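To start, the structure itself, in structure tokens.
What follows draws every value from the coordinates through simple rules; no lab data is involved. Owing to the predicted nature of the structure, the values given are computational and were not obtained by experimental measurement. Note that we place each Cβ from the backbone using ideal geometry, even for glycine, and neighbour counts take in every protein chain shown.
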Amino acid sequence: MLLKKFGHAAGMFAAGVLCAMPAMAAPQPWEMGFQPAASPVMQSIEDFHRFVLYIVTAITVLVFAHLVWIAIRYNHRRNPVPGRTSHNTLLEVMWTIVPVIILVVIAIPSFKLLYYEADVPPSALTLKAIGHQWYWSYQYPTNGNFQFDSLGLSDSDAMKKGEPRLLGVDNVVVVPVNRVVRVLTTGADVIHSWAVPAFGVKMDAVPGRLNETWFKALRVGTYYGQCSELCGARHAYMPIEVKVVSQDAFNAWVGWAKKKFASTDGPEPARVAGR
């Protein structure tokens, strides 16, 4: 009886924590930049984006200034007799070498970032995301191997729960804060893509293949994503919702989830909220 009460209390605690958390990362009206970075990978992506933006801005200003100078200096009135120079060796060498140098300067941090994204560090837990037409299933292999389906909420249900339209789900992914989460993706029918912008994560879910990525959420909160690979008629209705909680809250949720969701060890995993 005591264990039963404890389990019920833990479930209520986990549910209360999840419901009380405000949304932190979702698209905003008139938003032009990235969502606030919530992982080291996304912070690195933002840094690289700013670095390239500075270079692009400098090139744009230089080329525009050059065009204006040419239009003023070499117009017909100021230069009625045009020059007949057809080649300039130094200039031709410069406009070949300088772009190569710029590309190398961009390529070096780009390759470093790609390696950082692809090299999965030692993880605290593994999350397996399985894409279906048109919902996600999730497994927690390192936390009891339970599995559940996660379907997008209807407009009316989203309004009742205070969730963003086309982003809220019935069963959310829950992970602990400041812990490396290894994500395995695969598809059950066609190619999907598991993407959460605030984490800097986007990985294809291909039938018959396991892909791997990772993230480490730096702040407690709610983070939204969507399937980012055109996968059929209801592609726009495959949202992803991730709740980042404290380690204690995550442990409580895992205990509650093990009881609610059936284990995948049996011959046929139970479907939750399936259609």
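In the neighborhood of residue 249, defined by Cβ-to-Cβ distances under 13 Å, what is the net charge if each Lys or Arg adds +1 and each Asp or Glu adds -1? List each step's numbers first, then the result.
Details: positive: 179, 243; negative: 248.
In short, +1.
Which one of 94, 159, 203 has the biggest mean-square fluctuation once the chain is modelled by GNM with Cα springs under 10 Å?
Of the options given, 94 has the highest mean-square fluctuation.
Taking 0.36 nm per residue of separation and subtracting the Cα-Cα distance, what length does fully extending residue 210 through residue 258 add?
14.9 nm
For residue 123 and residue 234, what does the FRET efficiency come to when R0 = 41 Å and r is the distance between their Cβ atoms, rounded to the nearest 0.05?
Numbers: r = 32 Å, r/R0 = 0.77.
According to the calculation, E is roughly 0.80.
Quick one: P(r) of segment 190-233 from all Cα-Cα pairs, 5 Å bins, percents rounded to integers, in order of increasing distance.
Going out from 0 Å in 5 Å bins, segment 190-233 shows 5, 21, 27, 22, 14, 8, 4 percent.
Kindly express, to the nearest 10 degrees and within the range 0 to 90, the angle between helix 247-260's C-alpha long axis and the longest C-alpha principal axis of the chain.
Rounded to the nearest ten degrees, it is 60.
Put +1 on the Cβ of every Lys and Arg and -1 on every Asp and Glu Cβ in segment 125-260; which of 246, 191, 144 then has its Cα farthest towards the positive end of the dipole?
246
Provide, as a two-decimal number, the C-alpha radius of gyration of segment 125-260 over 2.2 N^0.38 Å, N being how many residues it has. Write out the running numbers ahead of the final one.
Details: Rg = 14.0 Å, N = 136, 2.2 N^0.38 = 14.2 Å.
After normalising by residue count via 2.2 N^0.38 Å, the value is 0.98.
Which value, in debye to the nearest 20, gives the size of the charge dipole of the chain about its Cα centre, when Lys and Arg are +1 and Asp and Glu are -1 at the Cβ? Write out the running numbers ahead of the final one.
Details: 25 positive and 19 negative charges, 83 e Å.
That gives the chain a dipole magnitude of about 400 debye.
Using the 10 angstrom Cβ neighbour count as an exposure proxy, how do 182, 84, 234 rank, fewest first? Show your work: numbers first, answer last.
Working: 182 19, 84 5, 234 12.
Listed from fewest to most nearby Cβ atoms, that is 84, 234, 182.
Which residue fluctuates most in the GNM of the chain (Cα springs below 10 Å): 253, 30, 194?
Result: 30 has the largest fluctuation of those listed.
Find, to one decimal place in angstroms, the Kirkwood hydrodynamic radius of the chain, where the mean of 1/r is taken over every pair of different Cα atoms and then inverted. Before the final figure, lay out each step's value.
Details: mean 1/r = 0.0457 Å⁻¹.
Value: 21.9 Å, from the Cα pair sum.
Helix-only mean residue ellipticity at 222 nm, the chain, DSSP H runs n ≥ 4 weighted -39,500 (n - 2.57), per residue, nearest 500. What is it? Don't jump to the answer; show the numbers that get you there.
On the way: 5 runs with 104 residues, N = 275.
Theoretical 222 nm ellipticity from helices: -13000 deg cm²/dmol.
Quote the FRET efficiency, to the nearest 0.05, computed for residue 142 versus residue 65 with a Förster distance R0 of 41 Å and r equal to the Cβ-Cβ distance. Present the calculation step by step, with values, prior to reporting the outcome.
On the way: r = 57 Å, r/R0 = 1.39.
Working from the Cβ atoms, E equals 0.10.
Using only Cα atoms and rounding to the nearest 10 degrees, what angle (0 to 90) does helix 40-73 make with the longest principal axis of the chain?
Helix 40-73 sits roughly 20 degrees off the main axis of the chain.
Just to confirm the number: angle between the C-alpha axis of helix 89-118 and the first principal axis of the chain, 0 to 90 degrees, nearest 10?
Taking Cα atoms only, the helix is inclined about 10 degrees.
For a quick check: sort 105, 68 by the number of other beta carbons within 10 angstrom, fewest at the front.
Working: 105 13, 68 10.
Listing 105, 68 from fewest to most nearby Cβ atoms yields 68, 105.
For segment 123-188 and segment 204-231, compute the distance between their C-alpha centroids and round to whole Å.
Cα centres, segment 123-188 to segment 204-231: 9 Å.
Within the chain, how many lysine pairs that are 8 or more places apart, or on different chains, have C-alpha atoms less than 16 Å apart?
Count of close lysine pairs: 13.
Using a 10 Å cut-off around each Cβ, can you sort 204, 149, 47 from fewest to most neighbouring Cβ atoms? All intermediate terms of the calculation are to be shown ahead of the outcome.
Working: 204 18, 149 21, 47 13.
The most exposed by this proxy come first: 47, 204, 149.
So what is the relative contact order for segment 125-260, in percent, with contacts set as C-alpha pairs under 8 Å and at least six apart? Walk me through the intermediate numbers first.
Values: 343 pairs, mean separation 36.6, N = 136.
The normalised contact order for segment 125-260 reaches 27 percent.
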